[in-house]
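Read through the structure below, which is laid out as structure tokens, and then see the notes.
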Amino acid sequence: MRIILLGPAGSGKGTQGELIERHYGFPRISTGDLLRLEVMKGTELGKMVADIMKSGRLVADDLVLRVVRDRVDDPDCQAGYVLDGYPRTLNQALLLEKIDVGRPETALEIMISEETVMERLSGRLVCPECGTVYNVHNNQPPADRRCPACGAELTVRNDDRPEVIKERFRIYRETIGPLLEHYSRKQVLFRVDGQRTVEEVFSSIRSILDDRIRGDRGASSRP
């Protein structure tokens, strides 16, 4: 099963991806995390995408595909995986289907307003060392703003600045239409209300995935 999480930054894709991974055992793959790792390591690819990511613009399809292809080829992805932040365009979806042909898909769009996105992301703090994420609105960081796990000072990501948040949301709304139509035509698109609590959102997602997984198992057992 390939599970595709769709939604603007701040919709909770990362949190829901982690819950799916924990519950079903499918590894969560965040293209944003993979690209930020390339930037942090100072690789050739990281140098190519650093300025693009800081501005909130989309990284070129061929560059993102490189990190995705390498990750889904890993042994832990053979039974299934969760994609967080990819694909973002119809072209990326078509390229993905070419590198991993025939895998059953479920696309989940987590729906959320721009106002809620601004509220959530403007309060987000991240540990630059271990990647732990806190939020002043619902997952309070320590009073000294240092990561309990490694002691590093928590920071605001460059792409969580208000002007970048607005640009990312605008780009998402402008580019998502053809992708939603593609998954809708394939009858694998399901929409989830992301304005609710984490637990309520995951309950809806779990209900969808349980039905989909049962359906796939039933289909595979038929002669």
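The values are calculated or read from the model by the stated rules, or taken from the named source; none is laboratory data. Predicted model, so just to flag it, every value in this text is computed and none were measured. With ideal geometry, Cβ positions are generated from the backbone for all residues, glycine too; neighbour counts draw on all protein chains shown.
Brief remarks follow.
- Test: GLU167 is modelled with pLDDT under 90, acidic (Asp, Glu) and surrounded by 15 or more Cβ atoms within 10 Å (Cβ to Cβ): yes
- In summary, LEU125 fulfils each of the numbered conditions (1) assigned to a strand (DSSP E or B); (2) in contact (Cβ under 8 Å) with a residue 40 or more places away in the chain with the single exception of condition (2).
- Put simply, of ILE176, ILE165, ILE171 the only residue that is hydrophobic (A, V, I, L, M, F, W, C), within 18 Å of VAL133 (Cβ to Cβ) and in a helix (DSSP H, G or I) is ILE165.
- In the stretch 61-68 there is no residue matching the filter, namely being farther than 20 Å from PRO128 by Cβ, assigned to a loop (DSSP other than H, G, I, E, B) and at pLDDT below 95.
- Considering only residues in the stretch 176-197 that are within 25 Å of THR116 (Cα to Cα) and of a type in the set (Lys, Arg), the one that is surrounded by the most Cβ atoms within 10 Å (Cβ to Cβ) turns out to be ARG191.
- Any chance GLU97 is in a helix (DSSP H, G or I), without any contact (Cβ under 8 Å) to a residue 12 or more places away in the chain and within 18 Å of the chain's Cα centre (by Cα): yes
- For the criterion of being touching a residue at least 60 places away in the same chain (Cβ under 8 Å), out of contact with any Phe, Trp or Tyr (no Cβ under 6 Å at 6 or more places or on another chain) and farther than 16 Å from LEU6 by Cβ, VAL156 fails.
- Filtered by the rule that a residue be out of contact with any Asp or Glu (no Cβ under 7 Å at 6 or more places or on another chain) and within 19 Å of GLY131 (Cβ to Cβ), the stretch 33-48 gives ASP33, LEU34, LEU35, ARG36, LEU37, GLU38, VAL39, MET40, LYS41, GLY42, THR43.
- Just so you know, in the stretch 1-34 the residues that are assigned to a helix (DSSP H, G or I) and of a type in the set (Lys, Arg) include one that is nearest to the chain's Cα centre (by Cα), and it is LYS13.
- Looking across SER220, SER207, SER122, one residue alone is at pLDDT below 80, among the small types (Gly, Ala, Ser) and exposed (fewer than 14 other Cβ atoms within 10 Å of the Cβ). It is SER220.
- The condition (being in contact with a Pro (Cβ under 8 Å, 6 or more places away or on another chain), within 30 Å of ASP62 (Cβ to Cβ) and among the charged types (D, E, K, R)) is satisfied by just one residue among ARG161, ARG88, ARG185, ARG168: ARG168.
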